[in-house]
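To start, the structure itself, in structure tokens.
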Amino acid sequence: MTDDKQYPNPGDLIEIRQGCYEHWALYMGDGNVIHVTPVGKADPSLSASSETRLIRKAQVKKELLKDVAGNDDWDVNNKYDCLHTPLPLEEIIQHAEQWIGSIVPYDVIGSNPEGFVRKLRYGGQVSD
């Protein structure tokens, strides 16, 4: 983390770069983030295109950003704000807190950490 890093505000999306993979979280304040992490073993299933996809379950956790990011670089990345108005902060935080401890579907293509936190911030699916 560099000294000129933008410090997050509650409700901000945090992009954590882990090599060639990005992990996403929602900043809650007081150094904490909400994010999803895969749990259990992956269950292979065939998709409509006959390619094997790994479908998993993930748990929604509230943890310190410094623990989630570790030594990985991270930045605030509210990249959809120019296209979509974020929900009111109180609503973002309230919805996020309701998910803590929940088990949710997880797959690399559809139900992933970025999609989960985007839905919390904007209230619906926002895609690239």
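The values are calculated or read from the model by the stated rules, or taken from the named source; none is laboratory data. This structure is a prediction, so every number in the text was calculated from the model and none was measured. Neighbour counts run over all protein chains shown; Cβ positions are idealised from the backbone, glycine included. Protein only, heavy atoms only, side chains kept; ligands, DNA and RNA dropped before computing areas. Shrake-Rupley method; radii C 1.70, N 1.55, O 1.52, S 1.80 Å.
Could you sort the peptides 91-98, 114-121, 30-37 by per-residue average Cβ neighbour count (10 Å cutoff), highest mean leading?
Result, highest mean Cβ count within 10 Å first: 114-121, 30-37, 91-98.
In terms of solvent-accessible area of protein heavy atoms at a 1.4 angstrom probe, what is the ranking of Asp72, Asp67, highest value first?
Descending accessible area places them as Asp67, Asp72.
Under a plain spin-label model, where a point goes 7 Å from the Cα along Cα-to-Cβ, how far apart in nm are Ile103 and Val39?
The modelled label-to-label distance comes out at 0.6 nm.
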